[in-house]
Amino acid sequence: MNKVQRVSSLRAAVQAARKDKKTIGFVPTMGNLHEGHLELIRVAKRRADFVVASIYVNPTQFGKNEDLDNYPSTPEEDARMLAELGADLLFLPEQETMYPGALEGQTVVYVPKIGDLYCGKDRPEHFYGVTTVVSRLFNMVQPDIAVFGNKDYQQITIIRRMVEDLAYPIQVVGVDTVRTKDGLALSSRNGYLSKKELVVAPSLQQALQTIADQLQEKPVVVSKSAVKVLEDQAKASLKAKGFEPQYITVCRQRDLKPAKKGDQELVILAAAQLGKARLIDNLELALGR
Ligand code: PAF
(Lines give C-alpha, C1' and ligand atoms only; values in the text may rest on other atoms or scores of the structure.)
Protein backbone atom coordinates (compact mmCIF):
# COMPACT_ATOMS: atom_id res chain seq x y z
CA MET A 1 0.00 0.00 0.00
CA ASN A 2 1.35 3.39 -1.00
CA LYS A 3 0.99 6.41 1.26
CA VAL A 4 0.58 9.89 -0.21
CA GLN A 5 0.16 13.34 1.29
CA ARG A 6 -0.23 15.54 -1.76
CA VAL A 7 -3.24 15.83 -4.02
CA SER A 8 -1.00 15.62 -7.11
CA SER A 9 0.40 12.22 -5.98
CA LEU A 10 -3.08 11.01 -5.06
CA ARG A 11 -4.44 11.99 -8.47
CA ALA A 12 -1.51 10.39 -10.30
CA ALA A 13 -2.12 7.06 -8.50
CA VAL A 14 -5.88 7.18 -9.10
CA GLN A 15 -5.39 8.10 -12.76
CA ALA A 16 -2.98 5.19 -13.23
CA ALA A 17 -5.59 2.83 -11.75
CA ARG A 18 -8.26 4.27 -14.03
CA LYS A 19 -5.97 3.78 -17.03
CA ASP A 20 -5.92 0.10 -16.08
CA LYS A 21 -9.76 0.19 -16.21
CA LYS A 22 -10.05 -0.11 -12.44
CA THR A 23 -13.01 1.28 -10.52
CA ILE A 24 -12.13 3.45 -7.53
CA GLY A 25 -13.53 2.90 -4.03
CA PHE A 26 -13.00 5.43 -1.26
CA VAL A 27 -13.22 5.12 2.54
CA PRO A 28 -12.71 8.45 4.38
CA THR A 29 -11.79 8.13 8.06
CA MET A 30 -10.38 10.12 10.94
CA GLY A 31 -8.04 7.27 11.87
CA ASN A 32 -7.84 5.29 15.13
CA LEU A 33 -9.28 2.46 13.09
CA HIS A 34 -11.37 -0.29 14.67
CA GLU A 35 -13.26 -3.28 13.32
CA GLY A 36 -16.07 -0.97 12.11
CA HIS A 37 -13.67 0.88 9.79
CA LEU A 38 -12.08 -2.37 8.66
CA GLU A 39 -15.49 -3.61 7.57
CA LEU A 40 -15.83 -0.48 5.40
CA ILE A 41 -12.54 -1.34 3.72
CA ARG A 42 -13.66 -4.95 3.14
CA VAL A 43 -16.89 -3.73 1.52
CA ALA A 44 -14.93 -1.23 -0.62
CA LYS A 45 -12.57 -4.06 -1.71
CA ARG A 46 -15.54 -6.18 -2.78
CA ARG A 47 -17.18 -3.33 -4.70
CA ALA A 48 -14.20 -1.61 -6.33
CA ASP A 49 -10.88 -2.60 -7.93
CA PHE A 50 -8.69 0.08 -6.35
CA VAL A 51 -9.36 1.21 -2.77
CA VAL A 52 -8.24 4.57 -1.39
CA ALA A 53 -8.53 5.20 2.35
CA SER A 54 -7.94 8.60 3.90
CA ILE A 55 -7.02 9.59 7.43
CA TYR A 56 -7.64 13.19 8.36
CA VAL A 57 -8.92 14.49 11.70
CA ASN A 58 -11.11 17.26 10.40
CA PRO A 59 -11.06 20.30 12.73
CA THR A 60 -14.14 21.93 11.22
CA GLN A 61 -16.48 19.18 12.42
CA PHE A 62 -15.49 19.60 16.09
CA GLY A 63 -17.22 22.13 18.33
CA LYS A 64 -15.24 24.48 20.61
CA ASN A 65 -15.46 22.28 23.68
CA GLU A 66 -15.13 18.97 21.90
CA ASP A 67 -12.29 16.48 21.80
CA LEU A 68 -10.29 17.65 18.73
CA ASP A 69 -7.02 18.04 20.67
CA ASN A 70 -7.37 14.67 22.38
CA TYR A 71 -8.85 12.76 19.44
CA PRO A 72 -7.13 9.35 19.51
CA SER A 73 -4.42 8.89 16.91
CA THR A 74 -2.78 5.56 16.01
CA PRO A 75 -1.25 6.19 12.56
CA GLU A 76 1.20 3.28 12.40
CA GLU A 77 -1.31 0.70 13.58
CA ASP A 78 -3.91 2.14 11.15
CA ALA A 79 -1.54 1.89 8.17
CA ARG A 80 -0.62 -1.67 9.13
CA MET A 81 -4.27 -2.78 9.28
CA LEU A 82 -5.14 -1.05 6.01
CA ALA A 83 -2.22 -2.70 4.24
CA GLU A 84 -3.18 -6.09 5.64
CA LEU A 85 -6.70 -5.72 4.28
CA GLY A 86 -5.36 -4.84 0.85
CA ALA A 87 -6.17 -1.12 0.66
CA ASP A 88 -4.23 0.21 -2.33
CA LEU A 89 -3.55 3.79 -1.30
CA LEU A 90 -3.58 5.74 1.95
CA PHE A 91 -4.13 9.48 1.61
CA LEU A 92 -2.81 11.42 4.61
CA PRO A 93 -3.42 15.07 3.79
CA GLU A 94 -2.08 17.83 5.99
CA GLN A 95 -4.22 20.71 7.20
CA GLU A 96 -2.75 23.03 4.53
CA THR A 97 -3.82 20.58 1.81
CA MET A 98 -7.38 20.22 3.06
CA TYR A 99 -7.87 23.86 4.02
CA PRO A 100 -5.28 26.14 2.40
CA GLY A 101 -5.05 29.38 4.38
CA ALA A 102 -7.11 30.39 7.37
CA LEU A 103 -10.07 28.23 8.35
CA GLU A 104 -12.35 31.25 8.58
CA GLY A 105 -13.59 32.48 5.23
CA GLN A 106 -13.35 29.04 3.57
CA THR A 107 -16.16 27.83 1.30
CA VAL A 108 -18.60 25.72 3.27
CA VAL A 109 -20.92 22.99 2.00
CA TYR A 110 -24.13 23.04 3.97
CA VAL A 111 -27.08 20.66 3.62
CA PRO A 112 -30.07 22.46 5.16
CA LYS A 113 -32.95 20.86 7.06
CA ILE A 114 -31.58 17.30 7.53
CA GLY A 115 -28.32 18.91 8.66
CA ASP A 116 -30.10 21.11 11.21
CA LEU A 117 -31.84 18.27 13.07
CA TYR A 118 -30.68 16.13 16.02
CA CYS A 119 -26.85 16.11 16.06
CA GLY A 120 -26.98 19.29 13.94
CA LYS A 121 -29.07 21.00 16.60
CA ASP A 122 -26.83 19.97 19.47
CA ARG A 123 -23.63 20.64 17.52
CA PRO A 124 -24.43 23.31 14.89
CA GLU A 125 -21.01 23.32 13.21
CA HIS A 126 -20.62 19.56 13.04
CA PHE A 127 -22.33 18.70 9.75
CA TYR A 128 -21.03 21.81 7.94
CA GLY A 129 -17.61 20.46 8.74
CA VAL A 130 -18.44 16.92 7.62
CA THR A 131 -20.03 17.88 4.30
CA THR A 132 -17.31 20.43 3.57
CA VAL A 133 -14.45 18.00 4.15
CA VAL A 134 -16.20 15.08 2.43
CA SER A 135 -16.93 17.19 -0.63
CA ARG A 136 -13.28 18.30 -0.78
CA LEU A 137 -12.11 14.72 -0.38
CA PHE A 138 -14.51 13.60 -3.13
CA ASN A 139 -13.05 16.24 -5.46
CA MET A 140 -9.52 15.15 -4.64
CA VAL A 141 -10.05 11.38 -4.88
CA GLN A 142 -12.83 11.33 -7.51
CA PRO A 143 -14.02 7.84 -6.58
CA ASP A 144 -16.79 5.79 -8.19
CA ILE A 145 -18.05 4.59 -4.84
CA ALA A 146 -17.63 5.93 -1.32
CA VAL A 147 -18.24 3.76 1.73
CA PHE A 148 -19.56 5.03 5.08
CA GLY A 149 -20.82 3.37 8.24
CA ASN A 150 -24.55 3.34 8.98
CA LYS A 151 -23.73 4.01 12.64
CA ASP A 152 -23.52 7.71 11.75
CA TYR A 153 -26.98 7.48 10.25
CA GLN A 154 -27.63 11.19 10.02
CA GLN A 155 -24.17 11.72 8.52
CA ILE A 156 -24.69 9.21 5.71
CA THR A 157 -28.21 10.52 5.02
CA ILE A 158 -26.81 14.05 4.68
CA ILE A 159 -23.93 12.87 2.48
CA ARG A 160 -26.38 11.04 0.19
CA ARG A 161 -28.37 14.26 -0.09
CA MET A 162 -25.24 16.29 -0.84
CA VAL A 163 -24.18 13.81 -3.54
CA GLU A 164 -27.61 14.05 -5.15
CA ASP A 165 -27.89 17.83 -4.90
CA LEU A 166 -24.37 18.55 -6.14
CA ALA A 167 -24.54 15.82 -8.82
CA TYR A 168 -21.44 13.97 -7.69
CA PRO A 169 -21.05 10.88 -9.92
CA ILE A 170 -20.42 8.77 -6.83
CA GLN A 171 -22.39 5.87 -5.38
CA VAL A 172 -22.64 6.12 -1.59
CA VAL A 173 -22.59 2.69 0.08
CA GLY A 174 -23.71 2.26 3.69
CA VAL A 175 -22.32 -0.56 5.85
CA ASP A 176 -24.05 -2.10 8.88
CA THR A 177 -22.75 -1.11 12.28
CA VAL A 178 -20.23 -3.47 13.82
CA ARG A 179 -20.99 -4.17 17.50
CA THR A 180 -19.42 -5.81 20.51
CA LYS A 181 -20.97 -9.11 21.65
CA ASP A 182 -23.28 -7.21 24.00
CA GLY A 183 -24.44 -4.77 21.34
CA LEU A 184 -22.33 -1.65 21.82
CA ALA A 185 -21.69 0.05 18.48
CA LEU A 186 -17.94 0.27 17.82
CA SER A 187 -16.64 3.83 17.88
CA SER A 188 -13.28 5.50 18.41
CA ARG A 189 -14.94 7.38 21.28
CA ASN A 190 -15.60 4.14 23.19
CA GLY A 191 -11.99 4.51 24.27
CA TYR A 192 -13.15 7.31 26.61
CA LEU A 193 -15.39 4.89 28.55
CA SER A 194 -14.30 3.52 31.92
CA LYS A 195 -14.61 -0.22 32.62
CA LYS A 196 -17.89 0.40 34.48
CA GLU A 197 -19.28 2.56 31.69
CA LEU A 198 -18.38 -0.09 29.12
CA VAL A 199 -20.71 -2.47 30.94
CA VAL A 200 -23.57 0.06 30.91
CA ALA A 201 -23.00 1.41 27.37
CA PRO A 202 -24.89 -1.40 25.49
CA SER A 203 -28.07 -0.17 27.24
CA LEU A 204 -28.26 2.52 24.57
CA GLN A 205 -28.94 -0.03 21.83
CA GLN A 206 -31.23 -1.97 24.20
CA ALA A 207 -33.32 1.16 24.81
CA LEU A 208 -33.75 1.56 21.04
CA GLN A 209 -34.67 -2.10 20.72
CA THR A 210 -37.36 -1.67 23.42
CA ILE A 211 -38.93 1.20 21.44
CA ALA A 212 -38.74 -0.86 18.23
CA ASP A 213 -40.38 -3.88 19.92
CA GLN A 214 -43.23 -1.72 21.18
CA LEU A 215 -43.75 -0.15 17.76
CA GLN A 216 -43.67 -3.58 16.06
CA GLU A 217 -46.24 -4.89 18.52
CA LYS A 218 -48.65 -2.02 18.00
CA PRO A 219 -47.72 -0.17 14.80
CA VAL A 220 -50.98 1.71 15.24
CA VAL A 221 -49.34 3.66 18.08
CA VAL A 222 -47.20 5.56 15.59
CA SER A 223 -48.76 8.89 16.42
CA LYS A 224 -46.77 11.90 17.57
CA SER A 225 -47.88 11.67 21.20
CA ALA A 226 -47.55 7.88 21.54
CA VAL A 227 -44.06 7.97 20.05
CA LYS A 228 -43.10 10.74 22.46
CA VAL A 229 -44.16 8.54 25.40
CA LEU A 230 -41.84 5.75 24.16
CA GLU A 231 -38.99 8.19 23.60
CA ASP A 232 -39.44 9.69 27.07
CA GLN A 233 -39.51 6.25 28.69
CA ALA A 234 -36.28 5.32 26.92
CA LYS A 235 -34.64 8.59 28.05
CA ALA A 236 -35.74 7.99 31.65
CA SER A 237 -34.40 4.43 31.67
CA LEU A 238 -31.05 5.64 30.26
CA LYS A 239 -30.85 8.49 32.78
CA ALA A 240 -31.37 5.97 35.58
CA LYS A 241 -28.31 4.11 34.25
CA GLY A 242 -26.09 7.22 34.26
CA PHE A 243 -26.50 8.47 30.67
CA GLU A 244 -27.36 12.05 29.80
CA PRO A 245 -29.55 11.51 26.74
CA GLN A 246 -29.38 14.33 24.18
CA TYR A 247 -32.06 13.00 21.87
CA ILE A 248 -33.93 9.79 21.17
CA THR A 249 -36.21 10.13 18.24
CA VAL A 250 -38.27 7.91 15.98
CA CYS A 251 -38.12 9.28 12.46
CA ARG A 252 -38.54 8.41 8.80
CA GLN A 253 -35.59 6.82 7.09
CA ARG A 254 -35.82 8.93 3.93
CA ASP A 255 -35.64 12.45 5.35
CA LEU A 256 -35.21 11.94 9.11
CA LYS A 257 -38.37 13.92 9.87
CA PRO A 258 -40.22 12.77 13.00
CA ALA A 259 -42.41 9.71 12.27
CA LYS A 260 -46.09 10.31 11.62
CA LYS A 261 -49.01 7.91 11.54
CA GLY A 262 -48.76 5.69 8.47
CA ASP A 263 -44.96 5.94 8.10
CA GLN A 264 -43.44 2.47 7.78
CA GLU A 265 -39.74 2.78 7.02
CA LEU A 266 -38.47 4.15 10.31
CA VAL A 267 -35.21 4.67 12.11
CA ILE A 268 -34.72 5.42 15.78
CA LEU A 269 -31.80 7.79 16.33
CA ALA A 270 -30.11 8.45 19.66
CA ALA A 271 -27.25 10.42 21.16
CA ALA A 272 -26.32 10.29 24.82
CA GLN A 273 -23.38 11.32 26.92
CA LEU A 274 -21.92 8.61 29.13
CA GLY A 275 -19.04 9.90 31.22
CA LYS A 276 -16.58 11.50 28.79
CA ALA A 277 -17.99 9.76 25.71
CA ARG A 278 -20.77 11.06 23.51
CA LEU A 279 -22.34 7.91 22.09
CA ILE A 280 -24.65 7.75 19.09
CA ASP A 281 -26.61 4.80 17.80
CA ASN A 282 -29.64 3.94 15.68
CA LEU A 283 -32.01 1.14 14.80
CA GLU A 284 -33.89 0.76 11.52
CA LEU A 285 -37.30 -0.86 11.49
CA ALA A 286 -39.99 -1.47 8.92
CA LEU A 287 -43.56 -1.60 10.21
CA GLY A 288 -46.43 -3.47 8.64
CA ARG A 289 -44.36 -6.32 7.25
O1 PAF B 1 -17.25 9.49 9.94
C2 PAF B 1 -16.12 10.03 10.04
O3 PAF B 1 -15.15 9.43 10.47
C4 PAF B 1 -15.95 11.48 9.58
O5 PAF B 1 -17.09 12.23 9.87
C6 PAF B 1 -15.58 11.60 8.10
C7 PAF B 1 -16.66 11.07 7.19
C8 PAF B 1 -14.28 10.86 7.83
C9 PAF B 1 -15.36 13.09 7.74
O10 PAF B 1 -14.34 13.66 8.49
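The values are calculated or read from the model by the stated rules, or taken from the named source; none is laboratory data. On a predicted model such as this, the values are computed, not experimentally measured, just so you know. Every residue, glycine as well, gets a Cβ built from its backbone with ideal geometry; the counts of neighbours run over all protein chains shown. With ligands, DNA and RNA removed, areas are computed over all heavy atoms of the protein, side chains included. Shrake-Rupley method; radii C 1.70, N 1.55, O 1.52, S 1.80 Å.
A few notes on this one:
- The selection criterion, being within 16 Å of the ligand (Cβ to nearest atom), in contact (Cβ under 8 Å) with a residue 12 or more places away in the chain and not in a strand (DSSP E or B), does not hold for GLN216.
- Residue count, the range 58-86 (criterion: in contact with an Asp or Glu (Cβ under 9 Å, 6 or more places away or on another chain) and not in a helix (DSSP H, G or I)): 3
- For the range 186-197, the set of residues classified as small (Gly, Ala, Ser) and open to solvent by less than 40 Å² (accessible area, probe 1.4 Å) consists of SER187, SER188, listed by residue number.
- When VAL130 is tested against (1) open to solvent by less than 10 Å² (accessible area, probe 1.4 Å); (2) assigned to a strand (DSSP E or B), exactly one condition is not met: (2).
- Pairing residues of the range 80-105 that are within 12 Å of ILE41 (Cβ to Cβ) and modelled with pLDDT of 95 or more with residues that are of a type in the set (D, E, K, R) and surrounded by 12 or more Cβ atoms within 10 Å (Cβ to Cβ), at Cβ distances under 6 Å and at least 6 apart in sequence or on separate chains, gives GLY86/LYS45; LEU90/LYS3.
- Within the range 46-60, residues that are farther than 11 Å from LEU137 by Cα sit with their Cβ atoms under 6 Å from residues that are away from the ligand (no atom under 15 Å from the Cβ) and hydroxyl-bearing (Ser, Thr, Tyr), at 6+ positions apart or across chains, in these pairs: ALA48/THR23; ASP49/THR23.
- Residues (over 30 Å from GLY242 (Cβ atoms), among the charged types (D, E, K, R) and in contact (Cβ under 8 Å) with a residue 12 or more places away in the chain) located in the range 141-199: ASP144, ARG160, ARG161, ASP165
- When GLU35, GLU66, GLU104, GLU39 are screened for being of a type outside the set (Ser, Thr, Tyr) and open to solvent by 80 Å² or more (accessible area, probe 1.4 Å), only GLU104 passes.
- Evaluation of ALA272 against (1) surrounded by 14 or more Cβ atoms within 10 Å (Cβ to Cβ); (2) in contact (Cβ under 8 Å) with a residue 40 or more places away in the chain; (3) over 24 Å from LEU184 (Cα atoms) (one fails), failing number: (3)
- Applying the set (1) more than 15 Å from the ligand (Cβ to nearest atom); (2) crowded, with 18+ Cβ neighbours inside 10 Å to GLY183 leaves exactly one unmet item: (2).
- The single residue among LEU279, LEU256, LEU269, LEU198 that is over 20 Å from ASP116 (Cβ atoms) and under 18 Å from the mean Cα position of the chain (by Cα) turns out to be LEU279.
- Residue match in the range 45-68 (condition: within 14 Å of the ligand (Cβ to nearest atom), farther than 17 Å from LEU90 by Cβ and of a type in the set (Gly, Ala, Ser)): yes
- Those residues of the range 243-254 which are modelled with pLDDT of 95 or more and in a loop (DSSP other than H, G, I, E, B), in sequence order: PHE243, GLN253
- Scanning the range 198-215 for residues that are more than 19 Å from VAL250 (Cα to Cα) and open to solvent by 10 Å² or more (accessible area, probe 1.4 Å) gives LEU198, VAL199, VAL200.
- Restricted to the range 148-178, and to residues there that are among the hydrophobic types (A, V, I, L, M, F, W, C) and outside any helix (DSSP H, G or I), the residue that is nearest to the ligand (Cβ to nearest atom) is PHE148.
- Taking the numbered list (1) over 19 Å from the mean Cα position of the chain (by Cα); (2) crowded, with 21+ Cβ neighbours inside 10 Å; (3) in a loop (DSSP other than H, G, I, E, B) in turn, ALA234 passes all entries but (3).
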